[in-house]
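First comes the structure, then the notes that go with it.
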Amino acid sequence: MFRVLILIPLLFILCLPASAQFAWLKKKEPVVVRNPDVAPARMPAINFDAPVSHPAIKPNVDFGMTLYCFEATEAATLKALYHTRRFHQDAEAIKNYRALIDLYISQGHYSEAKWHLLQCNFLAQQIGDTETILYSLTQVAAVKTQIGEFELAREDLVQARSIATYYLRANDVADIDKRLNLLKIKQVANTKSENRYAAVVEDEKNGK
């Protein structure tokens, strides 16, 4: 009886076609899910004939000097100055002094400019270079004016004027006179500003 029960299913399977017998061995086809089509990208319309506007740049604009450029220029000028001073090339040393001083003044390094102006003046007096003596005196007066040393600046200008007068340098005398007038105006304005500030501080102390 048991054998009969086994033979019946086997006969049933053998009677089926081959495709049906091995259908369970076949892999199921994957289900493909299709997303909706993406609309093609559209480039914005560009009118190549339209005029292109550029920001206006004002003439004679000074963008200043970068720190790297300043340090490189300073190092190169100092190197040239030390070389000319070492080998007593006084004329070239004067040029290097003036280039270095102009660099310091343009960047607001007044302490360095003041020190090199004094050195330049000393060298100019040694070699009798009147033009450089007047240059150093007027420039050191300008530096002292910037840092508020008005009386010392006036003394330098007075000394420069006496030298220019002695050597009959009329143009230099006229220039120094203008500098003296401007110095006087700045000194008066600074005095008024200091008095006004002192009055404000005094009022604050008195609780007004």
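Bear in mind that the values in this text are calculations on the coordinates, not laboratory data. Predicted, not measured: the structure shown is a model, and the values here were computed from it.
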Subject >> Three-way shape call for the stretch 120-174 based on the alpha-carbon gyration tensor, with the a/c threshold at 1.5 >> reply: oblate
Subject >> Along principal axes, Cα extents of the stretch 67-192, largest first, whole Å >> reply: 44, 36, 19
Subject >> Among the listed pairs Lys114/Lys186; Lys144/Lys192; Lys95/Lys186; Lys79/Lys114; Lys144/Lys178, those beyond 22 Å (Cα-Cα) >> reply: Lys95/Lys186
